[in-house]
């Protein structure tokens, strides 16, 4: 009997090691490089059990890769380069095990200051804020992006003369069924829905235009996993809109807000995400607000306010919830750091862990696997 113990011990140690590895993820962070000392993209190993992190690698110097996306096979990372007339998208090879990034190529967007990027097996698409347009690129088998395939220019303006003097495309996202690409235009208070044909010379074809409230400034949105609900955050008035989604179209069913009653200071709403278990939705608000609101998602998809918490930094432009739902990380563009909160999965409430990632102007956080 004693001879069996070593094999049992080995199996136990292997099991512990396996699950320990499973708790480790890559955390990829995009930054602005024009205000402080940053090379561009940083990769950390993040422990979803403890909230601890270790820097693994950094990219070659890259101009303001503020937003990024990882390929479905976890082998490539795509970033925007928000650099005025030189604005572009960049492709990196990615070794998920080591976190190493390898520059592949860069292509101009022909749209100024891209601020969001998505990709699939065939296509890379950016939303260009100052250009007021959407850039569509093909993707080669080696992960590089092709020359620009399609540039979709938007027109229009809104009642806020300072912020809505023209079109300002802020986000693009595939629909859950992948048949459409939806794009938000802060400048004209509209959401555009495009039929998506990845093999076509012009992959995007406009199907629907959905109006938001005048002066609201549509910014970021997210879908429920079943694809039946969409949640839209408006930057300029703090509205959160809930829609029924079906075949590329949106139908409004509820509106709430990230603003507390009587709040009369400056704010600009920023980012919105749903917890992995889909029980809660969170949204950040910047400037003098600098907070994050938590809403309970009811069975009918509507929202019920739960709490509002300081993000403990300046400019919470983007945040990410790790896939286990244990931690919520907020990137602060102006106070140069990421604040790590512990999530209570039962209540949605956030508690400061005291852990910080000191980093120049972090503006996009993406979790991905180690394999």
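The values are calculated or read from the model by the stated rules, or taken from the named source; none is laboratory data. Since this is a predicted model, take the numbers as computed values, not measurements. Here the Cβ is made from the backbone with ideal geometry for all residues, glycine too, and neighbour counts use every protein chain on show.
Taking segment 238-250 as the range and being on the phi < 0 side of the Ramachandran plot and surrounded by 19 or more Cβ atoms within 10 Å (Cβ to Cβ) as the test, the residues that pass are 239, 240, 241, 242, 243, 245, 250.
Could you check, for segment 95-102, whether at least one of its residues is more than 21 Å from residue 141 (Cβ to Cβ) and surrounded by 17 or more Cβ atoms within 10 Å (Cβ to Cβ)?
Among the residues of segment 95-102, at least one is more than 21 Å from residue 141 (Cβ to Cβ) and surrounded by 17 or more Cβ atoms within 10 Å (Cβ to Cβ), which makes the answer yes.
Among the residues making up segment 1-38, those that are modelled with pLDDT of 95 or more and under 17 Å from residue 98 (Cβ atoms) are 24, 25, 26, 27, 28, 29. Check off (1) crowded, with 16+ Cβ neighbours inside 10 Å; (2) at positive phi for residue 156 and give me the number that stays unchecked. Of everything listed in (1) crowded, with 16+ Cβ neighbours inside 10 Å; (2) at positive phi, residue 156 misses just condition (1).
Applying the condition of being under 24 Å from residue 369 (Cα atoms) and part of a loop (DSSP other than H, G, I, E, B) to segment 98-122 and asking which residue is farthest from the chain's Cα centre (by Cα) yields 98. From the list 156, 143, the one residue that fits, being within 20 Å of residue 92 (Cβ to Cβ) and either part of a loop (DSSP other than H, G, I, E, B) or at pLDDT below 95 (or both), is 143. For the structure I just gave you, tell me whether residue 305 is within 28 Å of residue 71 (Cα to Cα), without any contact (Cβ under 8 Å) to a residue 60 or more places away in the chain and part of a strand (DSSP E or B). No; evaluated as a whole, the condition is false for this residue. Could you tell me how many of the residues in segment 30-74 are within 21 Å of residue 109 (Cα to Cα), surrounded by 17 or more Cβ atoms within 10 Å (Cβ to Cβ) and touching a strand residue (DSSP E or B) at 6+ places or on another chain (Cβ under 8 Å)? Residues in segment 30-74 being within 21 Å of residue 109 (Cα to Cα), surrounded by 17 or more Cβ atoms within 10 Å (Cβ to Cβ) and touching a strand residue (DSSP E or B) at 6+ places or on another chain (Cβ under 8 Å): 16 in total. When 236, 250 are checked against the criterion of being more than 25 Å from residue 342 (Cα to Cα) and either free of Cβ contacts under 8 Å to residues at least 40 places away in the same chain or outside any loop (DSSP other than H, G, I, E, B) (or both), 250 stands alone in meeting it.
For residue 122, the requirement of being surrounded by fewer than 24 Cβ atoms within 10 Å (Cβ to Cβ), touching a residue at least 40 places away in the same chain (Cβ under 8 Å) and within 26 Å of residue 222 (Cβ to Cβ) is met.
The residue that is farthest from residue 176 (Cα to Cα), counting only those in segment 256-269 that are within 24 Å of the chain's Cα centre (by Cα) and in contact (Cβ under 8 Å) with a residue 24 or more places away in the chain, is 267. Consider segment 269-291 and keep the residues that are touching a strand residue (DSSP E or B) at 6+ places or on another chain (Cβ under 7 Å) and surrounded by fewer than 18 Cβ atoms within 10 Å (Cβ to Cβ). The one that is nearest to residue 228 (Cα to Cα) is 278. Does residue 183 meet the test of being closer than 24 Å to residue 213 by Cβ and outside any strand (DSSP E or B)? So residue 183 fails the test. Total residues in segment 205-227 satisfying the condition of being surrounded by fewer than 24 Cβ atoms within 10 Å (Cβ to Cβ) and over 20 Å from the mean Cα position of the chain (by Cα): the figure is 10.
Here the strands (runs of 3 or more DSSP E) wholly within segment 325-368 that include at least 2 residues being more than 18 Å from the chain's Cα centre (by Cα), touching a residue at least 12 places away in the same chain (Cβ under 8 Å) and closer than 24 Å to residue 58 by Cβ are 350-358. No other residue among 140, 105 is without any contact (Cβ under 8 Å) to a residue 40 or more places away in the chain and touching a strand residue (DSSP E or B) at 6+ places or on another chain (Cβ under 9 Å) apart from 140. Go over the candidates 342, 296, 302 one by one and state the one that is surrounded by fewer than 20 Cβ atoms within 10 Å (Cβ to Cβ) and more than 25 Å from residue 49 (Cα to Cα). Going through 342, 296, 302 in turn, just one is surrounded by fewer than 20 Cβ atoms within 10 Å (Cβ to Cβ) and more than 25 Å from residue 49 (Cα to Cα): 302. Just one of 262, 227 is at pLDDT below 95 and either closer than 23 Å to residue 367 by Cβ or in a loop (DSSP other than H, G, I, E, B) (or both); which is it? After applying the criteria, what remains is 262. Does segment 59-67 include one or more residues that are under 14 Å from residue 28 (Cβ atoms) and in a strand (DSSP E or B)? Checked against the condition, which is being under 14 Å from residue 28 (Cβ atoms) and in a strand (DSSP E or B), segment 59-67 yields no hits at all.
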